[in-house]
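The values are calculated or read from the model by the stated rules, or taken from the named source; none is laboratory data. Only a predicted model underlies this, so the values are computations on that prediction, with no experimental measurement involved. Glycine also receives a Cβ, built like all others from the backbone with ideal geometry; neighbour counts cover every protein chain displayed.
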Amino acid sequence: MSDKRLSEDEVVAELRSGMTIGIGGWGSRRKPMSLVRAIARSGLRDLTLVSYGGPDVGVLCATGQVKRVVYAFVSLDTIALDPHFRSARQSGSVEDEPWDEGLFLLGLQAAAWRVPFLPSRVGLGSDLMRLNPRLTTVRSPFADGEELVAAPALELDAALCHLDRADARGNACFLGPDLYFDDLFLRAAATRRFISTEKVVATEDLLGEAGTEQRLRIHRAMVDGVVERPGGAHFTDCRPDYERDEAFQKEYAAAAASAEAWASFRTDWVDLAEDDYQARVAAR
Amino acid sequence: MTATRAEVCVTAIAECFRGDGEILANPIGTIPMIGGRLARASFEPDLLMTDGEACLISDHAAFAWPGGKVVEAYNPYRSMFDLVWSGRRHVIMGASQIDPFGNQNFAAIGPDYARPKAQLLGFRGAPGNTVNDATSYWVPNHSPRVFVESVDVVTGVGWDRAAAAGPAATRYLDLRRVVTNLAVLDWETPGRRLRLRSCHPGVTVAEVQAATGFELVVPDQVPQSRLPTPEELELIRAVIDPEGLREKEVPA
């Protein structure tokens, strides 16, 4: 019986520059931020990020480690746009691969089901077809003959998600309002599927923690490593464990104002060990 | 009781949903969320509406439910696409730019997409929304910067672009109306070019045209947008938006 517990740095040691990394959560909600911070402290570069984007994308754009962003939006929820991502786009420093947020689901699902594409009406007539070079159309082989969009499989080299509770083997549950697309991210990567969690519990306690088996949506065949990190999603929303730290998020957003502001934020909140980060957050 | 401009806008949004029946009314933005609630609380009682997160709720209040929510169903993000792609939704989206044929942009501004002057929301769900469902738009700041002859990026699909893309794109395309702080517009013209449907009280046709960066189709007689009834005003002020958030989006 395998114990899959790892540290953030052990997860990062499994990643390589140039990889395509899928990150779970949604906007500024239940993002695996301790893993993102560990990447930000690493020498990894030229990453392609696949995300329902929030500060995961913004932080790694600010550190200059992103080559390409595969996304439908990058939002902080209470702040409509992540300003670090905006700066990266407006300076032309990241490649942009736009998707529709539903088509994106189909791309992840295609990768999870190991098929090259799934058909959809989504994208027809829009500039997605012009601006996303991976999108093309496919004709229905049936009598209708409709020409539809082929959503290509979004295959991932690694997937990172944050769940509320897990056991040491990688079974996990969400406790908040929505799983988002975390299960699809974990299935769209064939290997290197990592979760962080607020708390590791014994397997026999997992159902009690979840309250209902309908929340036990991640099982151990979907997960290669488990990082126990209370506060691992900070500063994003991780209800019911904690709400978004809006004051902190405002400081993060304000740090996009200048290179000096970012350098200062980076020293205070990125270039430090995660234990120190959590202690510093607790002392605020 | 005299209705404010914001309350006229709320009423015009509510009118967008008239006749929609038992589908998801999915208005995005402050005044749209109030207008959708107004439609359901009065003349379209079968509409479904969300709490902005993962549930469909039957409450008339638009933004806060201090006494708890009445949840009708669980509707996480993934389920939203089941609604959208099966055609059981009428969405009201914003638009940073919109052209005469209803092509919408809220992704990026500027001629070079690889290095935009302003990165905005991204494509979000606009391509899928427009080719699958009834779609209307809400523009709280009617101006020539928003109503442009040609958008920089097509996120939401207009009539002409859908026609060029073929029958799979036009099959379910259903662009309904644009409600702004000045007027209501639609595409009920033979050429599917934007038409002035009504002006809000106190606004002239000339003012609307001057705030639009292309020539509108203007009928000989342009009616006035209707005022909310006393019952509707009471619902807006006492039940749906007691905090008065509507007045912040469209100040008097």
Scan (1) in a loop (DSSP other than H, G, I, E, B); (2) at pLDDT 95 or above for the single condition residue A:2 breaks and write down its number.
(2)
Facing chain B (nearest Cβ under 7 Å) and in contact with a Pro (Cβ under 8 Å, 6 or more places away or on another chain) - does that describe any residue in the range A:68-79?
yes
When the range A:16-25 is checked residue by residue, the ones that are surrounded by fewer than 24 Cβ atoms within 10 Å (Cβ to Cβ) and on the phi < 0 side of the Ramachandran plot are A:16, A:17, A:19, A:20
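Does residue A:170 fit the bill of being modelled with pLDDT of 95 or more, surrounded by fewer than 24 Cβ atoms within 10 Å (Cβ to Cβ) and either over 19 Å from the mean Cα position of the chain (by Cα) or of a type in the set (Gly, Ala, Ser) (or both)?
Numbers: modelled with pLDDT of 95 or more: yes; surrounded by fewer than 24 Cβ atoms within 10 Å (Cβ to Cβ): no; either over 19 Å from the mean Cα position of the chain (by Cα) or of a type in the set (Gly, Ala, Ser) (or both): yes.
Taking the combined requirement at face value, the residue does not satisfy it.
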Scanning the range A:28-51 for residues that are free of Cβ contacts under 8 Å to residues at least 60 places away in the same chain and buried (at least 18 other Cβ atoms within 10 Å of the Cβ), which turns out nearest to residue A:252 (Cα to Cα)?
A:39
Has the range A:193-211 got any residue that is touching a residue at least 24 places away in the same chain (Cβ under 8 Å), under 29 Å from residue A:237 (Cβ atoms), within 11 Å of chain B (Cβ to nearest Cβ) and not basic (Lys, Arg)?
no
Residue check: is residue B:160 buried (at least 16 other Cβ atoms within 10 Å of the Cβ), within 14 Å of chain A (Cβ to nearest Cβ) and in a loop (DSSP other than H, G, I, E, B)?
no
Looking at (1) of a type in the set (A, V, I, L, M); (2) at pLDDT 95 or above; (3) out of contact with any Ser or Thr (no Cβ under 9 Å at 6 or more places or on another chain); (4) within 22 Å of residue A:192 (Cα to Cα), which is the one condition that is false for residue A:88?
(4)
Please pick out the residue among A:92, A:125 that is out of contact with any Phe, Trp or Tyr (no Cβ under 6 Å at 6 or more places or on another chain), assigned by TED's automatic domain parsing to the domain that holds residue A:258 and assigned to a loop (DSSP other than H, G, I, E, B).
A:92
Could you please tell me which pairs satisfy a Cβ distance under 8 Å, a separation of 6+ or placement on different chains, a first residue in the range B:107-136 that is facing chain A (nearest Cβ under 7 Å) and surrounded by fewer than 24 Cβ atoms within 10 Å (Cβ to Cβ), and a second residue that is assigned to a strand (DSSP E or B) and acidic (Asp, Glu)?
B:113/A:96; B:114/A:95; B:114/A:96
For the range A:125-143: of the residues being within 9 Å of chain B (Cβ to nearest Cβ) and out of contact with any Asp or Glu (no Cβ under 8 Å at 6 or more places or on another chain), which is surrounded by the fewest Cβ atoms within 10 Å (Cβ to Cβ)?
A:130
Residues of the range A:98-124 being touching a Ser or Thr at 6+ places or on another chain (Cβ under 7 Å) and more than 8 Å from chain B (Cβ to nearest Cβ), in sequence order, are A:106
Flag for residue B:44 being touching a helix residue (DSSP H, G or I) at 6+ places or on another chain (Cβ under 9 Å) and closer than 14 Å to residue B:60 by Cα
yes
Criterion first (of a type in the set (A, V, I, L, M, F, W, C), in a loop (DSSP other than H, G, I, E, B), over 30 Å from residue B:213 (Cα atoms) and more than 9 Å from chain A (Cβ to nearest Cβ)) does residue B:73 satisfy it?
no
Residues (in a loop (DSSP other than H, G, I, E, B) and either within 21 Å of residue B:160 (Cα to Cα) or at pLDDT below 95 (or both)) located in the range B:93-115
B:94, B:95, B:96, B:99, B:100, B:101, B:102, B:103, B:106, B:107, B:111
